[in-house]
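Report on the following structure.
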Amino acid sequence: MSDVEVFDSRRCELGEGPLYAHRDGRVWWVDILRSRVLWRSVEGDESGEVSTSAHVGAAVPVCGGGFVACLPEGPVRLLPGGGEQRLPGFPGDTDGLRANDAKADPAGRLWLGTMAYDERPGAAALYRLDPGADALTTVFTGLTISNGLGWSPDGTTMYHIDTPTGRVDAYDYDLGSGEPSARRTLARIDEGHPDGMCVDAEGGVWVALWAGGAVRRYSPDGRLDRVVALPTPLVTSCAFAGPRLDTLVITTASVGRPDDPHAGLVYAHQPADVAGRPADCFRG
């Protein structure tokens with residue numbers, strides 16, 4: 001087990017999707033159900049937040065500056081002076097659905113998943129938005145809670161989590177076309193439910209455990225390497241932060257836990273022997 005400390009004490013109902021932006025030295029994350037994007041400097045002396053027009057599943061950095069926010073009807077670009085510019089939306093009927101986890105791949109494509117508010121099985125999907133495209137590409141259908149995404153340091157392996165399966169799935173990844181193939185199981189999790197994730201510079205896969213109170217690191221061959229324990233059970237995601245990318249930042253949720261003072265806070269852990277990779281950005 002490993003120690004953690006509080007990085008940000010603002011209580012999130014459903015904190016998710018942390019990332020570190022080298023350009024401003026800030027850690028960014030979302031509070032999905034309160035429709036806000038939060039940030040704090042790595043030194044911890046400055047913080048702020050940006051409101052969104054609807055529940056925000058994730059915020060993904062844009063290479064030229066700013067962020068794409070993933071809303072129930074699809075992604076929008078957050079404008080510097082406030083407001084939102086719509087990008088291609090989710091196809092079909094989005095009633096009862098919302099965006100969930102999202103990330104850019106190493107080639108600058110935007111990947112974003114969905115889930116139903118009632119978590120009904122098979123209602124979700126995973127989509128890809130290629131830079132300059134006028135429509136989303138549907139990659140996987142029949143999902144329930146499309147969640148954690150990540151890529152190996154060399155870009156040849158893609159990871160994806162559909163939370164109720166209890167699996168972390170790995171795919172061969174064609175970085176040129178953006179096509180995943182040859183699905184296999186990296187890890188099966190039976191203590192809690194796999195949620196968000198990140199990949200470190202050595203290819204280690206860090207998985208947050210909803211109702212598991214921990215983050216687990218798996219080696220690229222699926223071996224459990226270590227466990228980082230949290231003081232609250234609803235652990236949602238993680239990312240490496242700081243100029244040397246040597247601090248693991250971990251988001252949590254307080255939904256349904258009004259009497260848990262540790263719930264919904266953002267935590268930090270120092271692995272000491274491993275660092276992360278820079279967050280990839282959307283080139284759209």
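The values are calculated or read from the model by the stated rules, or taken from the named source; none is laboratory data. What you see is a predicted model; the values in this text were computed from it and never measured. Cβ atoms come from the backbone with ideal geometry, glycine included; neighbour counts cover every protein chain shown. Note: areas computed on protein heavy atoms with side chains; ligands, DNA, RNA excluded. Shrake-Rupley method; radii C 1.70, N 1.55, O 1.52, S 1.80 Å.
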Hey, TYR173 more than 19 Å from LEU19 (Cβ to Cβ), open to solvent by less than 60 Å² (accessible area, probe 1.4 Å), in a strand (DSSP E or B) and of a type in the set (Phe, Trp, Tyr) or not: yes
For strands (runs of 3 or more DSSP E) lying entirely in the stretch 178-284, having 1 or more residues that are touching a Lys or Arg at 6+ places or on another chain (Cβ under 7 Å) and open to solvent by 30 Å² or more (accessible area, probe 1.4 Å) picks out 179-188, 224-229
Suppose the filter is surrounded by fewer than 24 Cβ atoms within 10 Å (Cβ to Cβ) and modelled with pLDDT of 95 or more; does THR137 pass it? yes
Is it the case that some residue within the stretch 29-46 is under 21 Å from ARG257 (Cα atoms), open to solvent by 40 Å² or more (accessible area, probe 1.4 Å) and not polar (S, T, N, Q)? yes
Against the condition within 15 Å of CYS12 (Cα to Cα) and without any contact (Cβ under 8 Å) to a residue 60 or more places away in the chain, how does ARG216 come out, does it pass? no
Run down THR94, THR157 and say which single residue is in contact with a strand residue (DSSP E or B) (Cβ under 8 Å, 6 or more places away or on another chain) and modelled with pLDDT under 95. THR94
Pairs, please: C-beta under 6 Å, at least 6 apart or cross-chain, first residue without any contact (Cβ under 8 Å) to a residue 24 or more places away in the chain and in the stretch 179-208, second open to solvent by less than 60 Å² (accessible area, probe 1.4 Å) and part of a strand (DSSP E or B)? ARG183/ASP169; ARG183/TYR171; ARG184/ALA170; ARG188/ARG167
Would you mind telling me which numbered condition in (1) free of Cβ contacts under 8 Å to residues at least 40 places away in the same chain; (2) outside any strand (DSSP E or B); (3) over 22 Å from PRO278 (Cβ atoms) PRO164 fails? (1)
Only residues that are over 12 Å from TRP39 (Cβ atoms) and open to solvent by 20 Å² or more (accessible area, probe 1.4 Å): list them for the stretch 2-13, please. SER2, ASP3, VAL4, GLU5, VAL6, SER9, ARG11, GLU13
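Let's see how each residue does on (1) modelled with pLDDT of 95 or more; (2) among the charged types (D, E, K, R); (3) in contact with a His (Cβ under 9 Å, 6 or more places away or on another chain):
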| position | (1), (2), (3) |
| --- | --- |
| PRO194 | yes, no, no |
| GLU202 | yes, yes, no |
| LEU209 | yes, no, yes |
| GLY212 | yes, no, yes |
| VAL215 | yes, no, yes |
| TYR218 | yes, no, no |
| ARG223 | yes, yes, no |
| VAL227 | yes, no, no |
